[in-house]
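Here's the structure, in structure tokens; my notes come after.
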Amino acid sequence: MPLPKENERYTYTDYCTWDDSERWELIEGVPYAMSPAPTQAHQGISMELSSQLHNFLKGKTCKVFHAPFDVRLNADDEDDTVVQPDLLVVCDKSKLDGKSCKGAPDLVVEILSPSTARQDRWVKYNLYKNAGVREYWIVDPDTKTVSVNVLGDGIYSAYAYGDTDTAPVSVLPGCMINLKDVFAE
């Protein structure tokens, strides 16, 4: 299977032909190699957030997914943007095709690592906002904080939470995430 070449633009169709032993994201046709396996702290945060979301969503129509899971943000247009957020929640089942989410999920969670922090805070922030992701969480394991960005009129409003707070998930009314458990060592 061919790997992407520098200075070329790609689509989801190309992306599907690449070697599965390496993980990639595709942003506006440009391939980005995913960082190596996440740290133990990253995995612990991901598992706890996933567990709390999964438990809240039992019996509801929304579903939580964890990486690696392809999100095709512009699948009905150029189909040249594929990301793999750490966690995502999809409430519209018609967006799920069995192997990816076609369109904006309702909630995206990215857990920062030194190699992805800039990408998550700037590039993906704007990408998710422009694609219509209704809520975007940026989780920082080092500072034990969460930046919750809620979309309204095309703009994200930001809310900050620390490791002793309980954070509401605005797209899931009644869902409260206990951050003390998320950041427990």
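The values are calculated or read from the model by the stated rules, or taken from the named source; none is laboratory data. On a predicted model such as this, the values are computed, not experimentally measured, just so you know. We place every Cβ from the backbone using ideal geometry, glycine too, and count neighbours over all the protein chains shown.
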Options Asp163, Asp153, Asp97; residue that is among the acidic types (Asp, Glu), surrounded by fewer than 18 Cβ atoms within 10 Å (Cβ to Cβ) and either touching a helix residue (DSSP H, G or I) at 6+ places or on another chain (Cβ under 7 Å) or in contact (Cβ under 8 Å) with a residue 12 or more places away in the chain (or both): Asp163
Which numbered condition Ala131 misses (of (1) surrounded by 14 or more Cβ atoms within 10 Å (Cβ to Cβ); (2) over 14 Å from the mean Cα position of the chain (by Cα); (3) in contact (Cβ under 8 Å) with a residue 24 or more places away in the chain): (2)
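Does Thr164 qualify as being modelled with pLDDT of 95 or more, within 25 Å of Ala41 (Cα to Cα) and of a type in the set (S, T, N, Q)? Lay out the reasoning, then the answer.
Numbers: modelled with pLDDT of 95 or more: yes; within 25 Å of Ala41 (Cα to Cα): yes; of a type in the set (S, T, N, Q): yes.
So Thr164 passes the test.
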Subset of the stretch 21-78 [β-branched (Val, Ile, Thr) and surrounded by fewer than 18 Cβ atoms within 10 Å (Cβ to Cβ)]: Ile27, Val30, Thr39, Thr61
Leading residue by the ranking (surrounded by the most Cβ atoms within 10 Å (Cβ to Cβ)) among those in the stretch 85-94 that are assigned to a loop (DSSP other than H, G, I, E, B) and more than 11 Å from the chain's Cα centre (by Cα): Cys91
Residue list for the stretch 72-94, restricted to those being of a type in the set (Val, Ile, Thr) and in contact (Cβ under 8 Å) with a residue 60 or more places away in the chain: Val82, Val89
Residue among Asp70, Asp77, Asp92 that is more than 21 Å from Ser35 (Cα to Cα) and at pLDDT 95 or above: Asp92
Qualifying residue in the stretch 105-119 (condition: modelled with pLDDT under 95, crowded, with 18+ Cβ neighbours inside 10 Å, within 15 Å of Ile27 (Cα to Cα) and of a type outside the set (D, E, K, R)): yes
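Return yes or no: is Glu22 out of contact with any Ser or Thr (no Cβ under 7 Å at 6 or more places or on another chain) and part of a loop (DSSP other than H, G, I, E, B)? Steps first, please.
Working: out of contact with any Ser or Thr (no Cβ under 7 Å at 6 or more places or on another chain): yes; part of a loop (DSSP other than H, G, I, E, B): yes.
Judged against the criteria, Glu22 is a match.
Report, by residue number, each residue of the stretch 166-185 that is closer than 13 Å to Trp137 by Cβ and either in a strand (DSSP E or B) or not hydroxyl-bearing (Ser, Thr, Tyr) (or both). So that I can check it myself, show each step before the final result.
Taking the stretch 166-185 and keeping what is closer than 13 Å to Trp137 by Cβ, we get 167-172, 175, 177, 179, 182.
Once the filter is applied, which keeps residues that are closer than 13 Å to Trp137 by Cβ and either in a strand (DSSP E or B) or not hydroxyl-bearing (Ser, Thr, Tyr) (or both), the stretch 166-185 yields Ala167, Pro168, Val169, Val171, Leu172, Cys175, Ile177, Leu179, Val182.
So, Cys62, is that one more than 21 Å from Tyr125 (Cα to Cα) and either touching a Gly at 6+ places or on another chain (Cβ under 8 Å) or at pLDDT 95 or above (or both) or not? Steps first, please.
On the way: more than 21 Å from Tyr125 (Cα to Cα): yes; either touching a Gly at 6+ places or on another chain (Cβ under 8 Å) or at pLDDT 95 or above (or both): yes.
For Cys62, the condition - more than 21 Å from Tyr125 (Cα to Cα) and either touching a Gly at 6+ places or on another chain (Cβ under 8 Å) or at pLDDT 95 or above (or both) - is met.
Based on this model, can you work out whether Asn55 counts as of a type outside the set (Ser, Thr, Tyr) and part of a loop (DSSP other than H, G, I, E, B)?
Values: of a type outside the set (Ser, Thr, Tyr): yes; part of a loop (DSSP other than H, G, I, E, B): no.
In short, no.
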